[in-house]
Amino acid sequence: MRGWKLLPALLVLLFASSTSFAAGFRLPEAGVKAMGMGFAFTAQADDPSAIYFNPAGLTQLKGQNVMVGGTYVRENGGEFTGTTPISAGPGETQKDLNFFIPNAYYTRTVDSGYVAYGIGIFAPFGLGQEYKDRNSSIFRNQITKIDLQTVVVNPTIAFKINDILSVGAGIDWMYGRAELAKTPVIPIPGTPNLYNLDLEGDGDAWGYNFGILLKPSANLRIGANYRSPFTLKIKGGDVEIRNINSTVGFIPPGGFTAAQVFGGTSFDTEGNATIRMPATFALGAAYTVGKLTVEADADWTFWHSFRSLPIDIRDNVGALLPDTDAPKNWKDVVALRLGAEFRVTDPLALRAGFAYDPSPVPTDTMGPELPDADRLNYMVGAGYKFGNVTIDGAFMYVDKKDRTATNPQFSGTWTGDAWLVGMDVGYHF
């Protein structure tokens, strides 16, 4: 892609991810200890991933801490049974895809314990789907591949006001890149393809976050965390049109071929796109009895900001290469998360979690780029300390509920699932 700067390019190579394992295209996989507890971590927030889950929790850490790791994702290709405007059926299966969602943190708490600061790098949003053959997919007129990658750099500071109250806040810089591919056809079964289109572009955006942590008693913690929305504007992205049909007269029917209209079998231009990513808010309470800590969180994602996905093409070629502004009109949702940690010994902890994650996608605007559904997430995990080193591991199974939809994009039923495994390594000094 043209115009990449060295630092953003390196950050994307190292930290960006492209998948979708919360409802919508949000990625909460910013810490493996939290993952083992169902991401119910807003009140506990007692490792460096507090930068993401609740920055006020940094005041619970001591000295300096470094943590790096990530989560491997296996997305089993979703299966569709039904019809589209260019196919009477029987359906299609997405490609099986593999992703990696990384994270990295550094924190330092001053000797008094009243000020802590640090920086986190993580990937809060991502979307990846791909269909098996761009020239024959029953969704090719809408999309054959989509890949949204993001990385956020989040410097953070926290203050311990007193033994009960801590607060924290940070600034978020996001870098993102997006790819989209499709093969338009005139929506009549049996009509040849018009061309292959590939759009690729990048951009950045700014945001902020803040959190509060209350400790009204020795056993009870209450936390809240807010993250602002991002508006990622992709400007001057590369648009490549290839394999333009030169044998069938489309305009008018039986007249000019697509290649004659474009002036050849290939065409290059630029495009702009705007992706509005939602604000989030989490509220949680954790209670400790002896060696057991239990936490419950409610986690809001304000998807109403994702009203549409506008794509502006610089050099339109009439109806063959128009601008698009697909309506989305997603709705706000609340995920319910529950987690527990049992400290078997001082170095060993066992964890388990569950989350109900409802889909924000209305039936009438759901498309093949994200055929979303309500999800039930099941997690287990463990942590172990070796002196100054801590290792955390977790496993997560995503049970994506079957969903049937009838709209202009398709009519049929989707099924699918996924599993994830993660590991973080931390060092205290």
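The values are calculated or read from the model by the stated rules, or taken from the named source; none is laboratory data. These numbers come from a predicted model, not from an experiment. Ideal geometry is used to build each Cβ from the backbone, glycine not excepted, and the neighbour counts take in all protein chains shown. Just so you know, the surface numbers come from the protein's heavy atoms only, side chains and all, with ligands and any DNA or RNA stripped out. Shrake-Rupley method; radii C 1.70, N 1.55, O 1.52, S 1.80 Å.
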Across all Cα atoms of the chain, Rg and the largest Cα-Cα distance (Dmax), in Å, are 23.4, 81
Could you give the distance between the Cα centres of the stretch 367-427 and the stretch 229-304, to the whole Å? 21 Å
Proximal charge balance of LEU214 [Cβ under 15 Å; K/R count +1, D/E count -1]: -1
Please report the net charge: other residues with Cβ closer than 12 Å to the Cβ of THR156, K and R +1, D and E -1. +1
What is the sum of charges around MET67, taking Lys and Arg as +1, Asp and Glu as -1, for the other residues whose C-beta is under 15 Å from the C-beta of MET67? -1
Over the chain: helical MRE at 222 nm, DSSP H runs n ≥ 4 each giving -39500 (n - 2.57), nearest 500: -1500 deg cm²/dmol
Out of the total accessible area of the stretch 239-339 (probe 1.4 Å, heavy atoms of protein only), what percent is carbon and sulfur? 59 percent
Which lysines, if any, have their Cα less than 26 Å from the Cα of LYS182, not counting same-chain residues under 8 positions apart? LYS95, LYS132, LYS145, LYS233, LYS235, LYS328, LYS400
When we measure straight from the Cα of LYS62, which lysines land under 22 angstrom away, once same-chain ones fewer than 8 places off are left out? LYS33, LYS160, LYS215, LYS291, LYS385
Within the chain, which is the longest segment that contains none of the trypsin sites (Lys or Arg not before Pro) sitting in a DSSP loop with at most 16 other Cβ atoms within 10 Å? 133-290
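Which order do you get for LEU338, LEU309 if you rank them by accessible area with a 1.4 Å probe, largest at the top? All intermediate terms of the calculation are to be shown ahead of the outcome.
Values: LEU338 90, LEU309 35 Å².
Result of the area sort, largest leading: LEU338, LEU309.
Any idea what the relative contact order of the stretch 320-372 is, in percent, if you count C-alpha pairs under 8 Å spaced at least 6 apart?
Values: 54 pairs, mean separation 20.0, N = 53.
Relative contact order for the stretch 320-372 comes out at 38 percent.
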So, taking all protein chains as they sit and a 1.4 Å probe, how much accessible area belongs to ILE313, in Å² rounded to tens? 10 Å²
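Could you please put VAL425, VAL73 in sequence from largest to smallest accessible area, using a 1.4 Å probe?
Numbers: VAL425 55, VAL73 0 Å².
Highest to lowest solvent-accessible surface, that is VAL425, VAL73.
Counting only heavy atoms of protein chains, what accessible area per residue, in Å², does the stretch 56-205 have with a probe of 1.4 Å? Working shown, then result.
Working: 5550 Å² over 150 residues.
With all protein chains present, the stretch 56-205 gives 37 Å² per residue.
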If you rank ILE188, ILE157, ILE121 by how much accessible surface each has, with a 1.4 Å probe, what is the order from largest down? ILE188, ILE157, ILE121
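With +1 on each Lys and Arg Cβ and -1 on each Asp and Glu Cβ, and nothing else charged, work out how big the dipole of the stretch 251-307 is about its Cα centre, in Debye to the nearest 20.
On the way: 3 positive and 5 negative charges, 22 e Å.
In debye, rounded to 20, the stretch 251-307 gives about 100.
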